[in-house]
Amino acid sequence: MSSQEEILSDERFSRITRDPRFWEMPEKERKVKIDKRFRAMFHDKKFKLKYTVDKRGRPVNYTSTENLRKFYALSESDSDLSESDSKEHIEKKKKKKKGKPKGQADS
């Protein structure tokens, strides 16, 4: 780390600290935003693979779902509804539909 400090203190490389091209990308911008149409890929069994070894043959203990969460994020409007909230919302809609008799109209 001391060599990095020496480089940054050198006047030839001082512009690197002020140039936005060399700044580290914020984590919020690092992940690709996806909308609610693709929300199922985080919990659907079709997208879940369990790896036992990586591409070089070393043992690992993670699933493909963890990789998806690492690189993708739900867009802001979709992240407000979590899975449990959306399930409750659907159940409420079903209850409202069942509560109305067929012959009566709203007054």
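Considering only residues in the range 49-62 that are modelled with pLDDT of 85 or more and of a type in the set (Lys, Arg), the one that is nearest to VAL32 (Cα to Cα) turns out to be LYS55. Taking (1) modelled with pLDDT under 85; (2) open to solvent by 100 Å² or more (accessible area, probe 1.4 Å); (3) within 12 Å of the chain's Cα centre (by Cα) in turn, THR65 satisfies each apart from (2). Scan the range 1-32 residue by residue and report those that are under 14 Å from LEU74 (Cβ atoms) and open to solvent by 100 Å² or more (accessible area, probe 1.4 Å). Residue satisfying the conditions is LYS28 alone.
Of the conditions (1) open to solvent by 80 Å² or more (accessible area, probe 1.4 Å); (2) modelled with pLDDT under 85; (3) out of contact with any helix residue (DSSP H, G or I) (no Cβ under 8 Å at 6 or more places or on another chain); (4) not in a helix (DSSP H, G or I), HIS89 clears all except one; give me its number. Of (1) open to solvent by 80 Å² or more (accessible area, probe 1.4 Å); (2) modelled with pLDDT under 85; (3) out of contact with any helix residue (DSSP H, G or I) (no Cβ under 8 Å at 6 or more places or on another chain); (4) not in a helix (DSSP H, G or I), only one is false for HIS89: (4).
Note on the range 34-50: among residues that are assigned to a helix (DSSP H, G or I) and more than 12 Å from ASN67 (Cβ to Cβ), the one that is nearest to the chain's Cα centre (by Cα) is ARG39.
The values are calculated or read from the model by the stated rules, or taken from the named source; none is laboratory data. What you see is a predicted model, and the numbers here were worked out from it, not measured in a lab. Ideal geometry is used to build each Cβ from the backbone, glycine not excepted, and the neighbour counts take in all protein chains shown. For accessibility, only protein heavy atoms count, side chains too; no ligands or nucleic acids. Shrake-Rupley method; radii C 1.70, N 1.55, O 1.52, S 1.80 Å.
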